[in-house]
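Heads up: the structure comes next, in structure tokens.
Quick note: the coordinates plus some simple rules give every number you see, no bench work behind them. Given the structure is predicted, the values throughout are model-derived calculations rather than measurements. Positions of Cβ are generated from backbone atoms using ideal geometry, with glycine treated the same way; all protein chains shown enter the neighbour counts.
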Amino acid sequence: MKINENTAIQNLMDLLAAKGPSGGEGPVAEVVKEKLLSAGCDPKWIRENVGKKKLPKEFTLGNLIVKIPGTIKAPRIMFSAHLDTVPICQGAVPIRKGNLIAPKGKTGLGGDNRASVAAVVTMAQTILKNDLPRPPITLLFTVGEENGLHGAKAFEPSEGGNPAMCFNLDGSGERGGVIGALGAIRWVAKIHGKSTHAAVSPEGGVSAVIIAANAIADAKAKGYFGRIDKGAIKGTANVGSIRGGEADNQVMDSLTVTGECRSHNPASLQKISNAWKTAFEKAARGVKNNAGECGSVEFITDSDYRSFKLKASEPVVKCFLKAAPRAGRKAYTQVINAGLDANILNEKGIPTITFDAGNHHAHDLNEYVDIPRYLEACELATVLATEV
Ligand SMILES: [Zn+2]
């Protein structure tokens, strides 16, 4: 079944022009709803604002979930795409330049992830307008992906009718089916020292900044900063922010350092995180004042998302590989170094593969959507929904 290319491109233009920063996806969700309703979607199939209570307080909207009844007896499948775009894309005006869509002014485009949203919408319109034979299909439009996979984390499989598999559309650049991605831990080190007058009694103070400096230098010297490749332990680590201190004439007694670690291997990830914890604790014990008092540290970790790797035997992988060539795409899979809604959906027990919808240079002023590649994604989604 061929999609209507003009409609597909119009969908993309309309969705790119809609506002929708992370936590403020209302306008773009409205455009999605209007398009589905005008294609014959029953309002009863739509659930809005799902999972709102589990989202950060400032979020104005929850996930948008659409459950399209099947016409054949088969397990339910799901398509997902995040609605939000990053701050650099706010105010984007999309314009067509030959086979590309680019931003008119100095903004990003928001093709991450509106190209994906548009492809899912185009697929749904195609099957509804032509009443194509299909299994029950869930569309999951998540909120707040860019600032922490919030919508996916708030989603419960039962809200989507417990789908057997999911095709997530996202990403930047041309990719195969993403069957694996890394996991990440965010950490916060709260360092406590002792404040004294910096000139009258510096010996009596315990400086939190010296503890932080020693800890970071120690972790770096041991190979736990930047790209980490220590035999079995592989991944990355970064220090993202340092905040502390009150006055120049006061020994700094409190300082907070934040950072992250990432790895494809859960054991490696834990070891990297532990190495940072050890470095801070050792540094806190090592900085003492003239009374022998040392500093202390609270090292708090939060599992941002877990790594996953789908087996080649998974039905979702087989379906993708079978469908890709029918939509003009090469059939291959790959593993990437980033976190996606798919990390969370896989963690929640829904085998999820991710493919791109033709967006390039995400989070960048040079962002653009390649129209032929986008149309392939619309076609691929339609083949997945109706033929495999
Ligand atoms: Zn994205």
Quiz prompt | Above-threshold pairs, the threshold being 26 Å between Cα atoms, out of 52/234; 54/106; 271/309; 67/322; 2/67; 230/288 | solution = 52/234; 54/106; 230/288
Practice problem: In whole Hz, with x marking every Gly and Pro, tabulate ³J(HN,Hα) for the stretch 217-222 from phi via Karplus 6.51 cos²θ - 1.76 cosθ + 1.60, θ = phi - 60°. | Solution: 5, 5, 4, 5, 4, 7
Quiz item: Using Cα-only point scatterers and the Debye equation, what is log10 of I(q)/I(0) for the stretch 1-44 at each q in 0.24 Å⁻¹, rounded to two decimals?
Solution: -0.90
Quiz item: Restricting attention to the stretch 265-357, which GluC sites (Glu not before Pro) occupy a DSSP loop and are surrounded by at most 16 other Cβ atoms within 10 Å?
Solution: 293
Practice problem: Amide H neighbours of residue 207 under 5 Å, at least 5 residues apart or on other chains, H built in the peptide plane: list them. | Solution: 194
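With the Cα gyration tensor of the chain in hand, give its eigenvalues times 5 under a square root as the equivalent ellipsoid semi-axes, listed largest first in whole angstrom. Each step should come with its number before you reach the end.
Numbers: eigenvalues 426, 94, 68 Å².
Over the Cα atoms of the chain, the semi-axes work out to 46, 22, 19 Å.
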Practice problem: Set Lys and Arg Cβ to +1 and Asp and Glu Cβ to -1, take the dipole of the chain about its Cα centre, and tell me which of 85, 239, 349 lies farthest positive. | Solution: 349
Quiz item: Do you know the relative contact order of the chain, to the nearest whole percent, from alpha carbon pairs under 8 angstrom that are 6+ apart?
Solution: 23 percent
Practice problem: Pull up the cross-link candidates among the aspartates and glutamates for residue 220, meaning alpha carbon to alpha carbon under 18 Å and not fewer than 8 places away within one chain. | Solution: 229, 260, 281
Self-check item: the stretch 183-305: radius of gyration over Cα atoms, expressed as a fraction of 2.2 N^0.38 Å
Solution: 1.12
Self-check item: Folded to 0 to 90 degrees: helix 111-129 orientation relative to the chain principal axis, Cα
Solution: 30 degrees
Quiz prompt | On Cα atoms only, tilt of 371-386 relative to the major axis of the chain in degrees | solution = 70 degrees
Quiz item: Which angle from 0 to 90°, rounded to the nearest 10, does the C-alpha axis of helix 26-38 make with the longest principal axis of the chain?
Solution: 20 degrees
Quiz item: Tell me which aspartates and glutamates have Cα within less than 18 Å of residue 153's Cα, excluding those fewer than 8 residues away on the same chain?
Solution: 25, 48, 58, 84, 145, 170, 302, 304, 341, 347
Practice problem: Please build a GNM for the chain, connecting alpha carbons under 10 Å apart, and tell me which residue among 74, 184, 164 fluctuates the most. | Solution: 74
Quiz item: What is the Rg over Rh value, at two decimals, for the stretch 244-337, using alpha-carbon atoms and the Kirkwood definition of Rh?
Solution: 1.30
Self-check item: Sequence-distant aspartates and glutamates (8 or more away, or on other chains) whose Cα lies within less than 12 Å of residue 194
Solution: 203, 253, 293
